[in-house]
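Structure, as structure tokens:
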Amino acid sequence: MNNSDDPQSKPQHDATGHYFLIDEERFDYAEKRIEEKLDDYEGYDFSMRQVRALNIFFELSQELRGRDMFYAVSMMIPRVLFNLESSIYILEDEETFSLAGCSTGRCNMESIRTWDKEFTNRPVVSEDRLFIPIPCNPEYADLLPFEPPHNIIGSFQMWPCVDIPGHVQLFLEKYVNRIGFQLHHRIIRSRNREHIQFIKSMVQDIGHNVIVPNMYFKLYFNRLKRQIEELHVTTEKVLTMMAKCGEPDCIREGNQLARTAASIEAQYQEIYSHYETTSMFLETLLRRRHFEEGRYVLEKREVNLRTSVVEPQLELHRKRMEERGIQINLGMGGAPDQMIRLILDRGLISQVYSNFFSNAIKYTEEVTLPDGRFGKFLSYGWQVIKDYFATGLPGIKMWVASTGRPLDLKNPMDVFKPGFRADNVEREIGTGRGLYFVRQVVELHEGQVGYSHSDHSNEFYFILPFEQEKDLRENR
């Protein structure tokens with residue numbers, strides 16, 4: 001089974017960007033950092049009161065909620081334990097510090113400050129005051145509302161600090177570092193709550209302003225279809241009348257009317273097919289549960305793979321294939337004749353095929369096949385693989401292959417990484433998100449994705465558990 005959701009199976013990294021692939025590496029690194037921290041604290045030689053100050057700050061910052069209470073705790077610990085008054089300024093944008101509070105209660109300080117000789121990215125002693133910049137966690141700086149200069153999100157001011165010993169200043173800097181990391185995480189949590197609230201509101205707006213109005217288009221299409229049917233009936237009557245007329249002009253005009261009616265119906269069918277697919281994609285991607293749960297949520301049911309998923313997507317892309325001179329060649333390894341029914345999320349898997357066909361159209365190249373034919377060719381197919389996931393648990397491999405040069409990859413899975421674009425894409429527009437989306441959808445189905453190539457073609461495939469309705473009934 002695919003274990004990509006297992007945290008232990010994924011590479012993880014520390015703030016320096018070092019990646020760990022196995023538990024032993026993580027444990028060794030954690031042990032090393034613990035020993036380094038022990039050495040650091042022995043070098044700091046903090047007093048018992050200073051150590052207690054750090055412990056009290058940690059416990060109260062976890063216990064108390066609210067930004068104002070956090071500021072109060074941060075300022076009162078220096079006051080109660082070390083007789084130091086303090087104030088906190090928070091960086092509101094790249095240039096502006098705003099006064100958040102001071103330990104004296106009534107503040108007689110400037111409410112707004114900017115970067116200057118006191119508000120800088122290093123500790124500064126000015127008269128009897130010590131200014132220590134409040135740092136953020138650089139690893140998560142991109143989650144803040146703006147990129148903080150020098151990774152600084154505020155300034156912590158303390159007084160009286162005349163002739164402050166170096167080891168005391170070191171302790172105060174370490175204390176403010178802890179304030180910074182805790183404050184950073186609180187800002188992120190607050191933004192996340194705002195983000196979630198926005199998403200909840202947006203989901204309701206999507207349902208009201210997008211999904212429901214889109215449903216009315218089907219009503220309009222049905223009305224248009226009835227009018228086209230009436231047009232055909234009228235056309236038949238006109239043709240009969242013109243045939244009786246017998247004049248060449250009558251016959252010519254009648255035939256032109258018939259061609260026009262047929263063309264209108266063909267255009268209608270093409271537009272309606274696109275509407276159906278777009279509506280399915282829209283409703284699939286904008287499901288309420290995706291937003292509520294913060295991930296794609298599957299709605300699986302048994303479908304006919306060929307008629308419900310593959311062929312509708314192929315037909316939608318066929319015109320573009322013809323425009324680019326791409327021929328369907330199932331002789332390269334194509335779809336079997338048997339009907340396949342399996343359980344999947346039709347909307348999401350249809351989008352997987354849409355991505356595969358769209359990429360094939362963009363990047364298919366002319367080649368000479370082993371049978372001597374020259375041109376651009378595409379094939380698609382599927383194959384049931386016995387006991388693929390485990391004994392008694394078959395898989396079904398589905399693929400789209402197209403002719404062209406093999407991709408230059410060190411790792412075939414690189415093509416499924418977000419933002420990846422191969423070396424043959426400079427002439428085509430793209431974001432590098434399509435195959436990453438494919439991988440997400442397939443792994444949600446507990447399947448696997450892959451890429452392979454031969455001398456004349458590139459094949460993109462995915463393998464899903466071959467589930468059918470009867471299997472579910474038997475397991476109940």
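The values are calculated or read from the model by the stated rules, or taken from the named source; none is laboratory data. Predicted, not measured: the structure shown is a model, and the values here were computed from it. Note: ideal-geometry Cβ built from the backbone for every residue, glycine included; neighbour counts use all protein chains shown.
See the values below:
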| quantity | calculated |
| --- | --- |
| Scope segment 104-136; condition out of contact with any Leu (no Cβ under 8 Å at 6 or more places or on another chain) and of a type in the set (Gly, Ala, Ser); matching residues | Gly105, Ser126 |
| Verdict on Val168 being at pLDDT 95 or above and more than 16 Å from Asp93 (Cβ to Cβ) | no |
| Counted residues, segment 72-90 - those being hydrophobic (A, V, I, L, M, F, W, C) and within 9 Å of Gly101 (Cα to Cα) | 3 |
| Residue list for segment 71-121, filter: free of Cβ contacts under 8 Å to residues at least 60 places away in the same chain, of a type in the set (Gly, Ala, Ser) and assigned to a strand (DSSP E or B) | Ser98, Ala100, Gly101 |
| Long-range neighbours under 7 Å by Cβ, at least six apart or interchain, first residue within 12 Å of Ile179 (Cβ to Cβ) within segment 144-157, second in a helix (DSSP H, G or I) and not aliphatic (A, V, I, L, M) | Ile153/Gly180; Ile153/His184 |
| Which numbered condition Ile349 fails, given (1) part of a strand (DSSP E or B); (2) crowded, with 19+ Cβ neighbours inside 10 Å; (3) within 31 Å of the chain's Cα centre (by Cα) | (1) |
| Residue within segment 221-229 that is of a type in the set (D, E, K, R) and touching a residue at least 24 places away in the same chain (Cβ under 8 Å) present | yes |
| Residue in segment 106-114 that is touching a helix residue (DSSP H, G or I) at 6+ places or on another chain (Cβ under 9 Å) and modelled with pLDDT of 90 or more present | no |
| Flag if Leu239 is part of a helix (DSSP H, G or I) and in contact with a Phe, Trp or Tyr (Cβ under 8 Å, 6 or more places away or on another chain) | no |
| Long-range neighbours under 6 Å by Cβ, at least six apart or interchain, first residue in contact (Cβ under 8 Å) with a residue 40 or more places away in the chain within segment 47-60, second assigned to a helix (DSSP H, G or I) | Gln50/Phe171; Ala53/Ile77; Ala53/Leu81; Phe57/Ile77 |
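One line per residue, one yes/no per condition, for (1) loosely packed, with under 10 Cβ neighbours inside 10 Å; (2) outside the structural domain of Tyr388 (by TED's automatic domain parsing); (3) modelled with pLDDT of 85 or more; (4) of a type outside the set (Val, Ile, Thr):
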site: Pro11; (1), (2), (3), (4): yes, yes, no, yes
site: His18; (1), (2), (3), (4): no, yes, no, yes
site: Glu24; (1), (2), (3), (4): yes, yes, no, yes
site: Leu38; (1), (2), (3), (4): no, yes, yes, yes
site: Tyr41; (1), (2), (3), (4): no, yes, no, yes
site: Tyr44; (1), (2), (3), (4): no, yes, no, yes
site: Ser47; (1), (2), (3), (4): no, yes, yes, yes
site: Leu60; (1), (2), (3), (4): no, yes, yes, yes
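Residues checked against (1) surrounded by fewer than 21 Cβ atoms within 10 Å (Cβ to Cβ); (2) within 20 Å of Phe437 (Cα to Cα); (3) in contact with a strand residue (DSSP E or B) (Cβ under 8 Å, 6 or more places away or on another chain):
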residue	(1), (2), (3)
Asn329	yes, no, yes
Tyr353	no, yes, yes
Ala360	no, yes, yes
Thr364	no, no, yes
Gly372	yes, no, no
Asp387	yes, no, yes
Thr391	yes, no, no
Met398	no, yes, yes
